[in-house]
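A quick write-up on the structure given underneath.
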Amino acid sequence: MHANDAPPTAPMSDTEAAAEASRLIADAYRPTPQQLTAYRDTTPLPTRGTTEPVVQPGRPPMSQGATDASVLMLAGGATTAMVGGTAAVLLYVSQYADPVVCGLVFGAPTALVLALARLATRTRPAPDVHHHYEGSTVHQDQRNVTTRTTGVWARTNNQT
């Protein structure tokens, strides 16, 4: 027998074994100060207060229109990547595909969508304008703005 070896112990009775097991389980589930890594505060938060909102990390806050436009741009970019990837795979797999023919085949749906979008913007009805005046002196200022924009991808918005 070595100096570090413990002397053999007598077997425990069933009640002693049950008491030892419950003690070990209780010790395992009782956290020590070194084991505490998180704390959840369960007090309810106030529904209203004077604190200003804080910008969270991630996408910046924006209007619903800006959110819709950014989603459309992301979807358009993903669609363009899928169509371009399909064309690239077809060119690579076929080994003899004509790039001009592939450009016509994959570019035709895009040209059709652009033409339909332009047609849809031109066929929108003009909005109804209603004027309601109240008071003894009414001043009405109507301005006409004429703008000419040139370019391949140019858009001008004049607001007066």
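Descriptive notes on the structure:
- Cα centroid of region 123-148 to Cα centroid of region 91-119, whole Å: 44 Å
- Compactness of the chain as Cα Rg over 2.2 N^0.38 Å, two decimals: 2.44
- Residues Thr121 and Val93, FRET efficiency given R0 of 25 Å [Cβ-Cβ distance, rounded to 0.05]: 0.05
- Rg to Rh quotient for region 69-122, alpha carbon positions, Kirkwood Rh: 1.09
- Applying both filters, DSSP loop and at most 14 other Cβ atoms within 10 Å, to the chymotrypsin sites (Phe, Trp or Tyr not before Pro) of region 25-117 gives Tyr39, Tyr96.
None of the figures in this text is laboratory data; all of them are computed from the coordinates on show. Here the structure is a predicted model, which is why all the values come from computation and not from measurement. Every residue, glycine among them, receives a Cβ derived from its backbone with ideal geometry; neighbour counts consider all protein chains shown.
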